[in-house]
Amino acid sequence: MPERFAHRNIYSQEDYYNLPDDVRAELIHGQIYYMSAPSRVHQEILNFINTEINLFLRSKGGPCKVYPAPFAVKLFEDSDKTVVEPDISVICDPNKLTDRGCDGAPDWIVEIISPATSSNDYVRKLNLYMDAGVKEYWIVDPLKKWIYVYHLEETRFETTPYTFQDRIKVNIYDDLWIDFTELGL
């Protein structure tokens, strides 16, 4: 093992939950990744998408719930080394909900990337969410004005790119579309 990794700490869920309340971080494979405060545009996008999903879910009834960040998601029930805070999580199995957040993979996750964390969302989390069995994963890129929709097909994600000028079908529902032209960015 290279010297630079010889004294690398491995953190657990307990360490994550013991972080100060004002610290934003995620725990991925035993490593803590700190996050900065989101930008105004990030929050506008989060609010828009979360509102669209919430209105849809309320109109339909049923078990699905939407949770914006900060909301802790322990992706793998058999591991205490990964707890993430997606920007938006949709969970349709109420048995996964706990007082701390969600134990198990949400049905749908939306991440709005920041320049400082883009590699986490495009690579690390993409693979993590696929391995966990997240049915749908959206990456929203405010700078490029792109939305990448990843839909789980058996054991791998199928990808479709969209822009902020598109009306996007949510794959896990038959009748939910999100029209990004209404965002006004």
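Of the residues that sit in the stretch 155-173 and are of a type in the set (Ser, Thr, Tyr) and surrounded by fewer than 16 Cβ atoms within 10 Å (Cβ to Cβ), which one is farthest from residue 88 (Cα to Cα)?
At the first step, the residues of the stretch 155-173 found to be of a type in the set (Ser, Thr, Tyr) are 155, 159-160, 162-163, 173.
Imposing the further condition that a residue be surrounded by fewer than 16 Cβ atoms within 10 Å (Cβ to Cβ) reduces the set to 155, 159-160, 163.
Values: 155: 22, 159: 19, 160: 19, 163: 19 Å.
Among them, the one singled out is 155.
A Cβ distance below 7 Å, combined with a sequence gap of six or more or placement on separate chains, defines the contacts here; from the stretch 70-82, residues that are over 9 Å from residue 13 (Cα atoms) reach residues that are among the small types (Gly, Ala, Ser) and not in a loop (DSSP other than H, G, I, E, B) in the pairs 71/89; 71/101; 72/101; 73/89; 73/101; 75/132; 76/132.
Taking the numbered list (1) crowded, with 19+ Cβ neighbours inside 10 Å; (2) in contact with a helix residue (DSSP H, G or I) (Cβ under 7 Å, 6 or more places away or on another chain) in turn, residue 134 passes all entries but (2).
Considering the stretch 145-174 alone, what residues qualify as being assigned to a loop (DSSP other than H, G, I, E, B) and among the hydroxyl-bearing types (Ser, Thr, Tyr)?
Going through the stretch 145-174, the residues assigned to a loop (DSSP other than H, G, I, E, B) turn out to be 145, 154-155, 164-166, 170-174.
155, 173 - these are the residues of the stretch 145-174 that are assigned to a loop (DSSP other than H, G, I, E, B) and among the hydroxyl-bearing types (Ser, Thr, Tyr).
If you scan the stretch 108-131, which residues turn out to be surrounded by fewer than 19 Cβ atoms within 10 Å (Cβ to Cβ) and under 19 Å from residue 74 (Cβ atoms)? Correct list: 124, 127, 130, 131. Restricting the stretch 119-144 to residues that are assigned to a loop (DSSP other than H, G, I, E, B) and in contact with a strand residue (DSSP E or B) (Cβ under 6 Å, 6 or more places away or on another chain), the residue that is nearest to residue 56 (Cα to Cα) is 135.
So, in the stretch 83-92, how many residues would count as being in a strand (DSSP E or B) and in contact (Cβ under 8 Å) with a residue 60 or more places away in the chain?
Restricting attention to the stretch 83-92, the residues satisfying the condition of being in a strand (DSSP E or B) are 83-84, 88-91.
Retained after the next criterion (residues that are in contact (Cβ under 8 Å) with a residue 60 or more places away in the chain): 83, 90.
Matching residues across the stretch 83-92 total 2.
Rundown of residues vs (1) part of a helix (DSSP H, G or I); (2) of a type in the set (Val, Ile, Thr), yes/no style:
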{"residue": "16", "(1), (2)": "yes, no"}
{"residue": "23", "(1), (2)": "no, yes"}
{"residue": "33", "(1), (2)": "no, no"}
{"residue": "42", "(1), (2)": "yes, no"}
{"residue": "45", "(1), (2)": "yes, yes"}
{"residue": "50", "(1), (2)": "yes, no"}
{"residue": "54", "(1), (2)": "yes, no"}
{"residue": "73", "(1), (2)": "no, yes"}
{"residue": "81", "(1), (2)": "no, no"}
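When you check residue 110 against the structure, is it assigned to a loop (DSSP other than H, G, I, E, B), among the β-branched types (Val, Ile, Thr) and under 17 Å from residue 64 (Cβ atoms), yes or no? Here the answer is no, as residue 110 does not meet what is asked. Within the stretch 61-97, the residues that satisfy the criterion of being under 20 Å from residue 29 (Cα atoms), over 10 Å from the mean Cα position of the chain (by Cα) and crowded, with 22+ Cβ neighbours inside 10 Å are 74, 75, 83. In the stretch 18-43, what residues are farther than 23 Å from residue 121 by Cβ and at pLDDT 90 or above? Correct list: 18, 20. Residue check: is residue 152 crowded, with 18+ Cβ neighbours inside 10 Å, modelled with pLDDT under 95 and either closer than 25 Å to residue 65 by Cβ or in contact with a helix residue (DSSP H, G or I) (Cβ under 8 Å, 6 or more places away or on another chain) (or both)? For residue 152, the condition - crowded, with 18+ Cβ neighbours inside 10 Å, modelled with pLDDT under 95 and either closer than 25 Å to residue 65 by Cβ or in contact with a helix residue (DSSP H, G or I) (Cβ under 8 Å, 6 or more places away or on another chain) (or both) - is met.
The values are calculated or read from the model by the stated rules, or taken from the named source; none is laboratory data. This structure is a prediction, so every number in the text was calculated from the model and none was measured. A quick note on method: Cβ atoms are made from the backbone with ideal geometry, for glycine too, and the neighbour counts reach across all protein chains shown.
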